[in-house]
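> Just passing along the structure, written as structure tokens.
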Amino acid sequence: MSTIISAILYQILVIQLLLNMCSAKEVPAIFAFGDSLYEGDHICMDEPINNFEKSRQDIVSKIGAAAARKLLRDALYFIAIGANDIMLLSSNVSSSHVENIKYLDNMIFKFKSQLMRVYNLDARKIAVTSAAPLGCIPFERDKFSIDDCVPHVNELAKLYNVRLKILLSELTKHLAGSIFIYMNSYTTLEDVLQNYKSYGFMNADSACCRVYGKHGGKLPCIFYARVCPNRTQYVFWDAYHPTEKANFILAKHALDGSRQYISPINIRQLANS
């Protein structure tokens, strides 16, 4: 499993920025972080931060501390994290509401320390994706054997998002010179799923690349998987991730969207700040 907001979203964002930056402030670098908050089957967020710290040291050694500081503080940082952790939590259906809240609070506490560490490495313009409606992905539909979105999984995502938005606002307020952007992937993807036909999709609940399961969610997209004839008709590429077309819609909302989709400013405004 990987994060629901996949790397391709960031690739699209970068391409769009490069194509449309002629009248904007130059962005010297773009950094992306993702996967899980904790150790486990996925890459813990601490590891890419360690890699970023090494890259920062390399930049300092090549252009000097002052120039490196300016470059890093003018750069954009994209962070997609937490979805894997929430999906792991949702698997334990016997856990109580109190236990779930404690888990989510611990996630936010851990994430706060990680974001502050990134800030202390000279990151200033940081965009963080919320958890998407994870209960709607093919994996969760097939895991719980239902055709609709899985309510308790989406509820966990929303509980996490409330805490995340508050955290980002507090960090912006207390960390001098910083701006933390809340990318509301929950609302954006939910809008696509609820109005998929108006976006030009024909299927909003199943994977284009599938092996097993009613919605193609039982197994990942592996070498003997069947691929749909036209992936542009599907919201989901595999059991976990949106297709390129769906990611392009998410990226457009992040780049130029209103506060409904990204706040307090969008990515283009962040780049120009």
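> Just to confirm the number: angle between the C-alpha axis of helix 151-174 and the first principal axis of the chain, 0 to 90 degrees, nearest 10?
Tilt relative to the chain: about 10 degrees.
> Going Cα to Cα from Lys197, which lysines come in below 29 Å? Please leave out same-chain ones fewer than 8 positions away.
Partners within reach: Lys143, Lys158, Lys214, Lys218, Lys245, Lys252.
> Can you list, bin by bin at 10 Å, the percent of alpha carbon pairs in segment 56-114, starting at 0?
With 10 Å bins starting at 0, P(r) equals 19, 30, 20, 17, 13, 2.
> Where the convex hull is taken over the Cα atoms of segment 123-210, what is its projected area averaged over directions, in nm²?
Result: 7.2 nm².
> Any chance you could check the Cα centroid distance between segment 57-90 and segment 208-224 for me, in angstrom?
Going from one Cα centre to the other spans 33 Å.
> Using a 1.4 angstrom probe, figure out how much accessible area the chain has per residue, in square angstrom, rounded to the nearest whole.
47 Å²
> For helix 46-63, report the angle its Cα long axis makes with the longest principal axis of the Cα atoms of the chain; keep it between 0 and 90° and round to the nearest 10°.
So the helix axis and the longest Cα principal axis differ by about 30 degrees.
> For segment 143-269, with only Lys/Arg (+1) and Asp/Glu (-1) charged at the beta-carbon, what is the dipole magnitude about the Cα centre, in debye rounded to 20?
In debye, rounded to 20, segment 143-269 gives about 160.
> Limiting things to C-alpha atoms, what are the Rg and the maximum Cα-Cα separation (Dmax) for segment 159-212, in angstroms?
Calculated on Cα positions, Rg and Dmax stand at 17.0, 50 Å.
> Most mobile of Lys102, Lys112, Lys158 per a Gaussian network model of the chain (Cα springs, under 10 Å)?
Maximum fluctuation in the GNM of the chain, among the listed residues, is at Lys102.
> For segment 174-219, which chymotrypsin sites (Phe, Trp or Tyr not before Pro) pass both filters: DSSP loop (anything but H, G, I, E, B) and at most 12 other C-beta atoms within 10 Å?
Counting only loop positions with at most 12 other Cβ atoms within 10 Å, the chymotrypsin sites (Phe, Trp or Tyr not before Pro) in segment 174-219 are Tyr212.
> Specify the angular offset, from 0 to 90 degrees and rounded to the nearest 10, of the alpha carbon long axis of helix 97-120 from the longest principal axis of the alpha carbons in the chain.
30 degrees
> Just how large is the dipole of the chain about the Cα centre, in debye to the nearest 20, putting +1 at every Lys and Arg Cβ and -1 at every Asp and Glu Cβ?
700 debye
> Which lysines, if any, have their Cα less than 20 Å from the Cα of Lys173, not counting same-chain residues under 8 positions apart?
Here the lysines satisfying the reach criterion relative to Lys173 are Lys110, Lys112, Lys125, Lys165.
> Moving on. Report ³J(HN,Hα) in whole Hz for each residue of segment 128-135, in order, from the Karplus equation J = 6.51 cos²θ - 1.76 cosθ + 1.60 where θ = phi - 60°; Gly and Pro get x.
With coefficients 6.51, -1.76 and 1.60, one gets 10, 7, 6, 6, 7, x, 4, x Hz.
> Could you work out the equivalent-ellipsoid semi-axes for the chain, taking the square root of 5 times each eigenvalue of the Cα gyration tensor, largest first, in whole Å?
Equivalent ellipsoid semi-axes, largest first: 31, 22, 17 Å.
> Continuing with the same structure: Run the reach check for Lys62 against lysines, Cα to Cα strictly under 17 Å, same-chain hits fewer than 8 apart removed. What comes back?
Excluding near neighbours in sequence, the set is Lys54, Lys70.
> Run the helix sum for the chain: -39,500 (n - 2.57) per DSSP H stretch of 4+ residues, divided by residue count, reported at 222 nm to the nearest 500 deg cm²/dmol.
After summing the helix terms and dividing by the residues of the chain, the value is -15500 deg cm²/dmol.
> Rounded to a whole number, what % of the accessible area of the chain do carbon and sulfur atoms account for, probe 1.4 Å?
That fraction is 54 percent.
The values are calculated or read from the model by the stated rules, or taken from the named source; none is laboratory data. Just so it is clear, the structure is predicted and the values come from calculations on it, not from any experiment. For neighbour counting, all protein chains shown are included, and Cβ atoms are generated from backbone atoms with ideal geometry for every residue, glycine included. Only protein heavy atoms, including side chains, enter the accessible area calculation; ligands, DNA and RNA are left aside. Shrake-Rupley method; radii C 1.70, N 1.55, O 1.52, S 1.80 Å.
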